[in-house]
Amino acid sequence: MIPTEVLASHIISFLTDAKDYYALSLTCTATRRLCKGGDVLKHVDLRGDLESGVGSILHEVESPAVAVERLYRFASAGNLQALYMYVSCLILCLILNCV
């Protein structure tokens, strides 16, 4: 078995999109624990494909309240994309009174 330090610092850093992150988190309990850690969540690309939206963590049909729930884990880990989206969704929630 690969040591978790090597897995966390080298191998997981190459997985930057949400689809790969999700697939890795399903492989075993050791990788699931690592994928829930802040080091991995900080670097995940949440946008996916900009034209088609494939691989994105959010979808157009979701409400701002649902988006806030999905983004919280990534934003609290320090993912800048998630922080920007999280703040935008919170502002929308305040405007639409959905909080």
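What is the set of long-range amide H partners of S56 at a cut-off below 5 Å, with H atoms built 1.01 Å from backbone N?
Amide H to amide H, under 5 Å and 5 or more residues apart or across chains, S56 pairs with D49.
Got a sec? How would C89, C35 order by Cβ neighbour count within 10 Å, fewest to most?
Listed from fewest to most nearby Cβ atoms, that is C35, C89.
In whole percent, what relative contact order does region 44-99 give with Cα contacts below 8 Å and a gap of six or more residues? Write down the numbers at each step before the final one.
Numbers: 52 pairs, mean separation 16.1, N = 56.
Across region 44-99, relative contact order equals 29 percent.
Which whole-Hz couplings ³J(HN,Hα) result when phi for each residue of region 91-96 is put into the Karplus expression 6.51 cos²θ - 1.76 cosθ + 1.60, θ = phi - 60°, listed in order with x for Gly and Pro?
Residue by residue, region 91-96 yields 5, 4, 4, 5, 5, 8 Hz.
Under a 5 Å amide H to amide H cut-off, with H placed in plane at 1.01 Å, what residues pair with D45 once short-range neighbours are removed?
Here D17, A18 satisfy the definition.
How far apart, in nm, are the 7 Å Cα→Cβ label points at Y84 and E51?
2.1 nm
Order by neighbour count: L96, L50, fewest other Cβ atoms within 10 Å first, most last. Write out the running numbers ahead of the final one.
On the way: L96 11, L50 8.
So the residues, fewest neighbours to most, are L50, L96.
Got a sec? How would C93, C28 order by Cβ neighbour count within 10 Å, fewest to most?
With the sparsest Cβ surroundings first, the list reads C28, C93.
What list of ³J(HN,Hα) couplings, whole Hz, do you get for region 69-75 from phi and the Karplus terms 6.51, -1.76, 1.60, once you set θ to phi - 60° and write x for glycine and proline?
Karplus values, whole Hz, x for Gly and Pro: 4, 5, 7, 4, 4, 6, 5.
Each reported figure results from applying straightforward, stated rules to the coordinates on display, with no laboratory input. The shown structure was predicted, so the numbers you read here are calculated from the model rather than taken from an experiment. Methodologically, a virtual Cβ is constructed for each residue, glycine included, from the backbone with ideal geometry; neighbour enumeration extends over all protein chains shown.
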